[in-house]
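First up is the structure itself, then whatever we jot down about it.
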Amino acid sequence: MSLWEYANPVRFIRLTDRLLPPVAVGALVCLVIGLIWGFFFTPDDYRQGSTVKIIYLHVPAALMAINAWLMMLVASLIWIVRRHHVSALAARAAAPVGATMTVIALATGAIWGQPMWGTWWAWDPRLTSFLILFLFYLGYMALWEAIENDDTAADLTSILCLVGSVFALLSRYAVNFWNQGLHQGASLSLDKEENVADVFYLPLLVCIAGFVLLFVALVFLRTQTEIRARRMRALIARERLA
Amino acid sequence: MKALLWRDLALAVRAGGGFGLGLSFFLIVTVMVPFSVGPETARLSVIAPGILWLGALLACLLSLDRIFALDFEDGSLDLLATAPLPLEGIVTVKALAHWLTSALPLVIAAPALGVFLNLPGPGFIWLFLSLLIGTPALSVIGSFGAALTVGLKRGGLLLSLLVLPLYVPTLIFGAEVARRGAEGLAVETPLLMLAGISAGALALLPFASAAVLRVNLR
């Protein structure tokens, strides 16, 4: 029994069929609880007022935007090394989800920034590197769309993902150097003495769990769709040959 | 490898297109800038380093698709791939040829175009140096993008979409060197970072480009 067993598309679909309902329900429950808790049962911040509550969408979305790219990177590596098709399809399936998370993070940030910083957009390092990350997602998805042969597309996009990761990191530090930021430091981190206050922290954790589960559910679903779409294409091709 | 370099250089010069076209594009972009932001010399001299860097970068981008496309179409790329040379070396030579024919003229022309935009005195040497150090990275990164899109019918737009995000760090540090140079500040840190990006891209990216080309040629 090893993880690689699920590189078999049939096994993968069987497994995800079983996992999908609990994960999806878990995502829904966490999001409903976390958002209602966060929006209605936490106090307003004494300086930011009620605008602080956008943190329950902004932080989890930003977190998932980066982690989706990381997941794509790992899946691409697995594809390059072990040539499991499911892995390449999972990377493909994660890209639009990650891009959407990036847009959510940017949009909620802008909505919060308008009353707080007095501007929708500032060329702050964090904001800028997120915008660049979004461009990387766009390029990655466009390359998948543009190539007709599935294996070629998987190879090329996975190499693009590797190179893109290096350059995305480089850009992150380059923009740090380039401009001083308005954005506050990290709201959450594992090695920090003090994170955001507990009243905000707990519902935030629930929301993050909800976003993670939502991401997993969406990736499962989209990977299944990709597998089935490819199967269908293969069937149609066989039909034509016969 | 030397023969390949000469061949690519001769093709670029004789076939026309890439050589003069990028340069003319650079000139036109520079001339259009005052029309769009106004002719005040004070304002122009503030944005001059950035505009010249961006113009050079875009002009570089224009000729990228020619690195592999022509050879791919007439089949000589297949021959090169089966030749006893390592594909990594071929990719590097191709990028070098692109740099010599497309980027180097831009580097040399940039200070002259700086006059149009009223670039401050000390800025000229730093603009020239930053472009000289930074454009090899542009050529190498661009050849990776060109290798990715070589088999595609409408690769041009996609090529820009793929390559421009990869150009971000080079542009940031390159334009920063030129800006600081123009304002008379210390340029050492961004200059070293720029050189680091160029050296790193030159050392590592040919492997990625060659891998991509192998996929496209199979």
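Per the listing B:A199, B:A178, B:A210, the residue uniquely surrounded by fewer than 24 Cβ atoms within 10 Å (Cβ to Cβ), part of a helix (DSSP H, G or I), in contact (Cβ under 8 Å) with a residue 12 or more places away in the chain and more than 10 Å from chain A (Cβ to nearest Cβ) is B:A210. So, A:L138, is that one among the aliphatic types (A, V, I, L, M), in a helix (DSSP H, G or I) and modelled with pLDDT of 90 or more or not? Taking the combined requirement at face value, the residue satisfies it. Within region A:143-167, if we keep just the residues that are at the interface with chain B (Cβ under 8 Å from one of its Cβ atoms) and in contact (Cβ under 8 Å) with a residue 40 or more places away in the chain, the residue that is farthest from B:G142 (Cα to Cα) turns out to be A:D155. Inspection of region B:68-82 identifies no residue that is at pLDDT 90 or above, in a helix (DSSP H, G or I), on the phi < 0 side of the Ramachandran plot and small (G, A, S).
Every residue, every condition in (1) buried (at least 21 other Cβ atoms within 10 Å of the Cβ); (2) within 22 Å of B:M1 (Cβ to Cβ), yes or no:
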position	(1), (2)
B:L62	no, no
B:K94	yes, yes
B:P105	no, no
B:L113	yes, no
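Could you list, in sequence order, all residues of region B:132-174 that are more than 18 Å from B:W99 (Cβ to Cβ), buried (at least 21 other Cβ atoms within 10 Å of the Cβ) and more than 9 Å from chain A (Cβ to nearest Cβ)? Listed by number, the list holds a single entry, B:V150. Only a single criterion out of (1) surrounded by 21 or more Cβ atoms within 10 Å (Cβ to Cβ); (2) at pLDDT below 90; (3) among the polar types (S, T, N, Q) is not satisfied by A:S50, namely (1). For region B:181-191, residues that are surrounded by fewer than 23 Cβ atoms within 10 Å (Cβ to Cβ) and at the interface with chain A (Cβ under 9 Å from one of its Cβ atoms) total 1. Scanning region A:43-62 for residues that are in contact with a helix residue (DSSP H, G or I) (Cβ under 8 Å, 6 or more places away or on another chain), more than 15 Å from A:L218 (Cβ to Cβ) and in a helix (DSSP H, G or I) gives A:T51, A:V52, A:K53, A:I54, A:I55, A:Y56, A:L57, A:H58, A:V59, A:A62. Whether a residue is surrounded by fewer than 18 Cβ atoms within 10 Å (Cβ to Cβ), in contact (Cβ under 8 Å) with a residue 12 or more places away in the chain and either more than 19 Å from A:V175 (Cβ to Cβ) or within 14 Å of chain B (Cβ to nearest Cβ) (or both) was assessed, and A:I111 passes this test.
The values are calculated or read from the model by the stated rules, or taken from the named source; none is laboratory data. None of these values were measured; they are calculated from a predicted model. Positions of Cβ are generated from backbone atoms using ideal geometry, with glycine treated the same way; all protein chains shown enter the neighbour counts.
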